[in-house]
């Protein structure tokens, strides 16, 4: 089970990084996510 969870985590990480293409893109994605969380918390 531990090996399966590790594999899923690795796949998710690779998909996220592939979607971002660059570190700068990753930073923008994280910033957007943070803004979305702040907006939802303010509601």
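Throughout, read-outs are computed from the coordinates displayed, never taken from laboratory work. These numbers were taken from a predicted model, which means no experiment stands behind them.
In table form, for the structure just shown:
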| item | result |
| --- | --- |
| Cα gyration tensor shape of the chain, rounded if a/c is under 1.5, else prolate or oblate by comparing a/b with b/c | oblate |
| Rounded tilt (10° steps) of 23-42 against the dominant C-alpha axis of the chain | 60 degrees |
| Degrees, to the nearest 10: 2-20 long Cα axis against longest axis of the chain | 50 degrees |
